[in-house]
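Below is one structure, written out as structure tokens; the observations come after it.
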Amino acid sequence: MTLITAFDLRARLGAILLLDARQDAGDYAAGHLFGAFHANLNRQLSTACDSGHDPARGGRHPLPPLDRFAAQVGAWGIGVDTEVVIYDASGGGNAAARLWWMLRAIKHKQVFVLDGGLQAALGAGMTLTRETPVAGPHTPYPVDRWCLPLVDLDAVEALRQDPTRKLLDVRSAERWRGETEPFDPVAGHIPGSLNLAWNHNLEPDGRFKAPEALRAQYQSLLGDTPPDHLTVHCGSGVTACHTLLALEVAGLTGAALYVGSWSEWCLSGLDMAQAQKPCS
């Protein structure tokens, strides 16, 4: 399993370790689910706040050094047998799915994303607290490498020209077409990439579509390409993990993550597909 319902979570509160992956620390401080630790995207799930961080080398949200993340996982009180539930307020897109991927990538098995996020929890009768939990004695999580498929800039340049492979950009269609770009200095997309925005994984209420619906959605996109020949990216390697989660829900496993994503590619000097300006 990869998802947990709010009603199942409510029944098991106190027996599961909770992580609040909303990006804004102020939102967490204003109120979070009881027992939830805050997981900060910029400081704990990436090196975005590190001195000398350069998006041209790894994008806006590069993965942190493995030993640092292992120490952080231990600091949250997570051991190899700990059951973990992660939530945000964006249907898993910012940044519950990113943390889910990271924990799975260090071979942690008991990790779930709360389907529907904080809104679903409140709808199921759970309440918020400002009390910050305290983890017990901890040691770094035992890990020696990232164990899920990752590709870098050079690999993407090669695979995008390989007809047996597919590259999927999960940003909005407007960003992919190059009509707008709110975060990165250049608008456009990686030539040869397909586009299906990550929020197509969700129903209007913010919960994930049923596994069979997600499977049909991605089999239509993949065609004859096996899922382990798919690479997923976005703007900075965050919402791409939402689609990797959706693929897992659909039973289509093995796709790779390009963490640097468009935020790295657009600064690389490699080919870009950009919106055409209308003739004057």
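Descriptive notes on the structure:
- For segment 68-95, a residue qualifies if it is assigned to a helix (DSSP H, G or I) and out of contact with any Ser or Thr (no Cβ under 8 Å at 6 or more places or on another chain), and the qualifying residues are R68, F69, A70, A71, Q72, V73, A75.
- Close pairs from segment 261-280: first modelled with pLDDT of 95 or more, partner part of a loop (DSSP other than H, G, I, E, B) and basic (K, R), Cβ under 7 Å, at least 6 apart: W262/R171; S263/R60
- Applying the set (1) assigned by TED's automatic domain parsing to the domain that holds A36; (2) without any contact (Cβ under 8 Å) to a residue 40 or more places away in the chain; (3) under 30 Å from D224 (Cα atoms); (4) not aromatic (F, W, Y) to G91 leaves exactly one unmet item: (2).
- Any hit, segment 250-268, residues being surrounded by 14 or more Cβ atoms within 10 Å (Cβ to Cβ), of a type in the set (D, E, K, R) and touching a Pro at 6+ places or on another chain (Cβ under 9 Å): yes
- Answer from R12, R104, R57 - the residue that is closer than 25 Å to T132 by Cβ and either outside the structural domain of S236 (by TED's automatic domain parsing) or of a type outside the set (S, T, Y) (or both): R12
- Those residues of segment 5-35 which are crowded, with 20+ Cβ neighbours inside 10 Å and either in a strand (DSSP E or B) or of a type in the set (G, A, S) (or both), in sequence order: A6, L17, L18, L19, D20, A21, H32, L33
- If you go through segment 183-192 and pick out every residue that is touching a Gly at 6+ places or on another chain (Cβ under 9 Å) and in a loop (DSSP other than H, G, I, E, B), you end up with 5.
- Selection of segment 144-179 for residues being of a type in the set (D, E) and in a strand (DSSP E or B) yields only D169.
- Scanning segment 214-251 for residues that are in contact with a strand residue (DSSP E or B) (Cβ under 8 Å, 6 or more places away or on another chain) and either over 15 Å from L167 (Cα atoms) or basic (K, R) (or both) gives L214, L245, A246, V249.
The values are calculated or read from the model by the stated rules, or taken from the named source; none is laboratory data. These numbers were taken from a predicted model, which means no experiment stands behind them. As a convention, Cβ positions derive from the backbone with ideal geometry for all residues, glycine included, and neighbour counts pool all protein chains shown.
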